[in-house]
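Structure below; questions to follow.
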Amino acid sequence: MRTVVFEAVGKLALVERPEPEIGPKDVLVKAAAVGMCGTDIHVFDGEFEGTIYPLVPGHEATGEVVKVGEAVKGLAPGDHVAVNPSTTCGECEYCLNGQANLCSAWNGLGVVASDGACQELFAAPATNAYKLKPETDLFQAALIEPLGCAIRGYDLLPRRMGQHYLIYGSGTMGLIMAQLAPRAGAVSVTIVDTNPERLKTARELGFDLAFESADDAPATGWDIVIDCTGTIAAIEDGLKRVKAGGTFQNFGVAPAEAFADYSPFRIYRGEVTINGSMAVHNSFGRAVDMFEAGALNPGPMISNSFTLEDYSKALDMFRSGQGRKLQIRPNDTESKVFVS
C-alpha cells in the first residue's frame, strides 16, 4: 500500500506499507480526499508541538468504509464518511470539565502521534467517522474538518447582529470564516491577504471588500478581527485594528516558539478581548450538517488535486502561495487542475 511518510523533520518519503490493522472499535477507510493545510507545513517543519516521527500526514479526510471492527455499530462497508482527526484521553481535567480539545494528551491523526490519511487505506476510531449522505460530494466534503474548526472559532466569538468583521487570510480557513460570518450577524466582512491571487477567490465568493492591506479598506476599525494566517505580522497588524470593546481571535496556527508584540495599555483601555481557538470541539457533527445544508460554496475553493507520488509538488505549491485549496487524493492515478 502506497503511503506518504514524514520520516523526520523536513524529510519526506513515499513507501510501501501493509494495510493498517484495526481494533474492535475502529474502521478502515479507503481515502478519497485529504486537504492540505498550514498545519501540515508546521508538522513537516517540526514547528507543531508534540509531533512524533515517523508520521503519515493528512487530517482533513474523507473516504469510503471498507472494513469495520467487531464492536462497531452504525457504520458498514460502503458508507461514505468524513473523519474527525482529534482524539483525546477522556480522563484528564480538561476532558472531564468539557474542554476535551485542550486535553493534556490531545492527538490529531496525521498531526501528533497517530498516522493520518495520506495513504491508500487509513484507520480511525469509528466514533470519529461521520456518515455522509450518498449525494454528498465525497471530495468536496474534505472541507468538513476545517469547517468544524471554524465552527469552534465562532463558538468562542461574541456573536451580535450588525457587527463588522475583518479577516486576515484568503486561504481556506479565511474563506470559511468569511462565509460563516453573515450567519453570525456580520453586516460587513473585509478580507486582507498579501497574495492578490488569493483575493480573487474571495471576490468570486462574493466578498468585494478584499484588500492587500487593511489600510486600503474604507473602515478604520472592526468589532471582530480574526487572524487565519498564523503570521506574526498579520497578528500584530490585526490587534491594532480592533475597535474598543471588540474581539481579536488567534485562529491561524503560528509556530509554537513565535511571539507577537502588542500594546497591553490599549487592550486594557479599550477592553479588547483576545481569544484562541483550538481545533474541533463538539463541532464536527454540526460541520457535517452545515456542509450538507450548503453553508459553504466549495466549488471555487478547490483548485488542485495530487496523487501520493506528487505530494512533494503539492507541498512546494502550498509554500509558494499558488493555487487555492490543494488536496491529496491517495487512490487517484493522476494529479488534476480544477481552477487555474
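Laboratory data are not the source of any read-out in this text; all were calculated from the coordinates shown. Note that the structure is predicted; figures quoted are calculated from it, not measured. We place every Cβ from the backbone using ideal geometry, glycine too, and count neighbours over all the protein chains shown.
Can you bin the chain into rounded, prolate or oblate? Criterion: square roots of the alpha carbon gyration tensor eigenvalues sorted a ≥ b ≥ c, rounded for a/c under 1.5, prolate for a/b above b/c, oblate for the rest.
It comes out prolate by the Cα gyration axes.
Let me know the charge dipole size of the chain about its Cα centre in debye, to the nearest 20, where only the beta-carbon of Lys, Arg (+1) and Asp, Glu (-1) is charged.
800 debye
Still on this model: For the stretch 1-68, state which GluC sites (Glu not before Pro) are in a DSSP loop and have at most 13 other beta carbons lying within 10 Å of their beta carbon.
Counting only loop positions with at most 13 other Cβ atoms within 10 Å, the GluC sites (Glu not before Pro) in the stretch 1-68 are Glu21, Glu49.
Please name which of Leu157, Leu205, Val189 has its Cα lying farthest along the dipole of the stretch 157-276 towards the positive end, using unit charges on Cβ (Lys, Arg +1; Asp, Glu -1) and the Cα centre as origin.
Leu157
Please list, in order, the residues from the stretch 290-320 whose amide nitrogen is less than 17 Å from a point placed 7 Å along the Cα→Cβ vector of Lys30.
From the stretch 290-320, the list is 308.
Here's another thing I want to ask about it. Mind giving me the nanometre distance, one decimal, between the label points for Lys133 and Val339, set 7 Å out from Cα along Cα→Cβ?
Inter-label distance under the simple model: 2.3 nm.
Test of the criteria: in the stretch 5-46, which trypsin sites (Lys or Arg not before Pro) are in a DSSP loop and have at most 14 other Cβ atoms within 10 angstrom of their Cβ?
Lys25
For an R0 of 30 angstrom, estimate the FRET efficiency from the Cβ-Cβ distance between Ala258 and Asp216 and round to the nearest 0.05.
0.70
Ranked highest first by average number of other Cβ atoms within 10 Å, how do 195-205, 266-276 line up?
195-205, 266-276
At 7 Å along Cα-to-Cβ for each site, give me the label-to-label distance between Lys11 and Asp289 in nm.
Result for the modelled spin labels: 4.6 nm.
Counting other Cβ atoms within 10 Å, keep those with at most 16, restrict to DSSP loop, and tell me which trypsin sites (Lys or Arg not before Pro) in the stretch 74-177 are left.
Numbers: sites: Lys131, Arg152, Arg159, Arg160; in loops: Arg159, Arg160.
Within the stretch 74-177, the qualifying trypsin sites (Lys or Arg not before Pro) (loop, at most 16 other Cβ atoms within 10 Å) are Arg159, Arg160.
Between Asn297 and Met1, what is the label-point separation in nm under the 7 Å Cα-to-beta-carbon projection?
With each label point 7 Å from Cα toward Cβ, the separation is 3.9 nm.
Next question. To two decimal places, what compactness ratio does the stretch 157-276 give when its Cα radius of gyration is scaled by 2.2 N^0.38 Å?
0.98
Could you work out [θ]222 nm for the chain from helices alone, using -39500 (n - 2.57) per DSSP H run of at least four and dividing by all its residues? Round to the nearest 500 deg cm²/dmol.
Result for the chain: -6000 deg cm²/dmol, rounded to the nearest 500.
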